[in-house]
Amino acid sequence: LRGHGTYVAHGKLIASVAGVVQRVNKLVSVVPLKSTYSGQVGDVVVGRVTEVGQKRWQIDVGSTQGAVLMLSSVNLPGGVQRRRTYEDQLNMRTLYAEGDLVSAEIHSFWADGAMSIHTRSRKYGKLTFGVLVQVPAVLMRRMKEHFHRIDEIGVDMLLASNGYVWLSPTPPEGERGEEEGGGDK
């Protein structure tokens, strides 16, 4: 069966775009290599803070729509669970400032298509002391675990669904219990 990115010519199924072939039962589709990322709920993403607003951060995750990280969707310093106060709003730039890299998970989508993301787990948060590599998002597979540790070379790796790969040195033994993967360092 013919899916997106294909057409039939002379009885043969031909790709209309250069990309990756996806087969679901008998349906054949071709996902273009140069397409913008469109997320799904549960995807792990890496993005850059572009704006600090009232009770929210705007995050660029390489999608057509932006992502929004609400103040209520982050862990406060020290892992304290409590209501967010006006003082927390004033201190938002101490958590994430413009230009910071953040790992997060897509929580939901708003009516206008914008992503609502969260960093409520210890494995998500500000990314520091590492290198960001960008690849086409179509090359990233959806998987159960996005955080990987390569002990042989001392590298922690985050493979985000939006095509960003974060590489950082593995923390020393004493600091490993504090974090899972690539979160706050």
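Output the pairs from K55/K123; K34/K123; K34/K144; K55/K126 with a Cα-Cα distance over 27 Å in this structure; if there are none, say none. Walk me through the intermediate numbers first.
On the way: K55/K123 22 Å; K34/K123 30 Å; K34/K144 25 Å; K55/K126 17 Å.
As for pairs spanning more than 27 Å Cα to Cα, those are K34/K123.
Think of the chain as having a plus end and a minus end, set by charges on the Cβ of Lys, Arg, Asp and Glu; of V8, L90, V30, V8 sits farthest toward the positive end of this dipole. Straight-line cross-link partners of K12 among the lysines, defined as a Cα under 17 Å from its Cα and at least 8 positions apart when in the same chain: K26.
Charging the Cβ of each Asp and Glu at -1 and of each Lys and Arg at +1, and nothing else, the dipole of the stretch 1-105 about its Cα centre rounds to 520 debye. Using Cβ point charges alone (K and R +1, D and E -1), the dipole size of the chain about the Cα centre works out to roughly 880 debye. Taking the 1.4 Å solvent-accessible surface of the stretch 29-101 as the whole, the part contributed by carbon and sulfur is 48%.
Of all the options V28, V102, V155, the one that moves most in a Gaussian network model of the chain with Cα springs shorter than 10 angstrom is V28.
With the Kirkwood sum run over all distinct C-alpha pairs, the stretch 11-53 has a hydrodynamic radius of 13.8 Å.
The values are calculated or read from the model by the stated rules, or taken from the named source; none is laboratory data. Here the structure is a predicted model, which is why all the values come from computation and not from measurement. Cβ coordinates were reconstructed from backbone atoms using ideal geometry, including for glycine residues, and neighbour counts include every protein chain displayed. Ligands, DNA and RNA are excluded from the accessible area calculation, which covers all protein heavy atoms including side chains. Shrake-Rupley method; radii C 1.70, N 1.55, O 1.52, S 1.80 Å.
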